[in-house]
Structure formats: C-alpha cells, structure tokens
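K.L.:
Let me begin by handing over the structure; questions about it come next.
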Amino acid sequence: MPYGALVPSACHDGGVTNNGDAAAQGPQSSGAPGEPIRVLVADDHVLYRRGLELVLAQESDIAIVGEAGDGMEAIRRTEELLPDIVLMDVRMPRTSGIEACLAIKELAPSTKIIMLTISDEEGDLYEAVRAGANGYLIKDVPGEEIASGLRAVYAGQSLISPSMASKLLSEFALMIKKQDERPTAPAPRLTERELEVLKLVARGMANKDIARELFISENTVKNHVRNILEKLQLHSRMEAAMYAFREKILDLPD
C-alpha cells in the first residue's frame, strides 16, 4: 500500500484531468461561496484513510465529512451525508467499490465518485467506467494531485490517471473494431442541440464552459446531458465520451 505517496511534495507541475488543464488550477469554491467540497472517503485500510485526511486537511476548499471501511458502509454513509464526492477504493470487503458505485448512483445521483486503486488492471478501470464513476486514480499519485482531481471532478470534468489513459484509448479502439464487425442497430435520435452538447462533453469541457460556448444556462446544459445519458442508456459523461468517439460524432459537421 503506497502510504508514502500521500505525503505532499514541495512543488506540483500539472494536473490529471482528461484535458490536462483544470486540475492545475488553484482552490475553487464549492457550491455557495465559502463552502468547501464535501468528501466521503471509503477505503478498508485505516492508515490510507488517515493519510488522505492529513493531506486534504491542508486544502481550505475541501472537507472530509465522513469515512467508510467497506462498500456497504460507503453506501449507507453516502445516503446519510449526501457528500459532493465519494473517494472510494475499488476493492473492499462485503461490497466492492464497483458495486457500491452502482448503488450510490441510484441513491444519490448528484454525488460524484472517484475510484481509487492500487493496481493498474484495465478490468477494474472498465468496470468503474460502466458503473458510472466520474474519475479513476492510481493510489500512488501525489496527495496534491488527489486534491486537484477532486476540484476537477466537482467542476464537472472526468478524471483518469495518466498511466491508465492509454488503456482506455485501447478500449476505444477495440470497441470501434467490434462495432464495425457487427450489424449496427439504429442509433437513438439526438436533437441537434444534444449533439452539440455531446461533442463538447467528449472534448472534456465542463458544464459551465459548454454553457458559455453555446450561450445557454448551466442548468440547461445539465438537462441536455441528463437527456443524452437517458437516450443512450449510459451512466456517466465518460461513457458518453466513449460513445461519441465510437460513433465518430466528433467528425460530424458543426
């Protein structure tokens, strides 16, 4: 268990978001002005939870509001506390992080989830994406990158460790190949506006940036994203981005 990775370093030279820029920004406000990002930490290793608490305690815009030692407790505590983000280990006793992710998405749809893992097994990554996780980090990243990742996911971006990005791209390629090899069913019909929003989601833009780009409100963007996910029977923005790449939606004329 890489507990030493949670010791903050003296300097930090970059972020870990899918578009590489938001995580490098400084502290951002959460919700109402002055309110921190509320985080629930779920991990069966007490020492790792304590390490996270020490690191994140240095961030004025992040507050750990609770913790859990297994998947069942993570589900229960999320329902009680309704945190902004659950930072959760993939593999835990009683109920796994993947199973807990699915349950939390049903109980608290507005809560975002970042999965943590000690391994770089692509199977865990793909299962996390399918379960609706908003981010996926290897535990050996520096502690300050976890803080930056929390801000990025709270802002509406997807998050993935750089070491896992190539594996996800390989999955894209495999999905496209399989799609080309079998007869295609009629795709769900999206409106022109939904297609515009889906393209920008696939490019890694947050809701507020999409709203600015399309001259619409952020709430309208959220409604479009929800409708897109429902029509395509997807669970997360990351899955929507994968769909857009697979269906070559980014190649459609604007």
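K.L.:
Where the centre of each part is set by its Cα atoms, how far does segment 192-248 sit from segment 99-144, in angstrom?
P.N.:
20
K.L.:
Also, I was wondering about something else. Can you give the net charge of the other residues whose Cβ lies under 13 Å from the Cβ of S110, counting K and R as +1 and D and E as -1? Walk me through the numbers before you get to the answer.
P.N.:
Values: positive: R38, K105, K112, K222, R226; negative: E79, D84, E106.
Here the count lands on +2.
K.L.:
Where does each of 52-59, 148-155 land if you order them by average Cβ count within 10 Å, highest first?
P.N.:
So the order, starting with the most tightly packed, is 148-155, 52-59.
K.L.:
Determine the shape class of segment 34-101: with a ≥ b ≥ c the square roots of the Cα gyration tensor eigenvalues, call it rounded for a/c under 1.5, and otherwise prolate if a/b is greater than b/c, oblate otherwise.
P.N.:
oblate
Since every read-out is calculated from the coordinates, none of them should be taken as a lab result. Remember, it's a predicted structure, so these values are computed and weren't measured experimentally. FYI the Cβ positions are ideal-geometry reconstructions off the backbone, even for glycines, and counts take in every protein chain you see.
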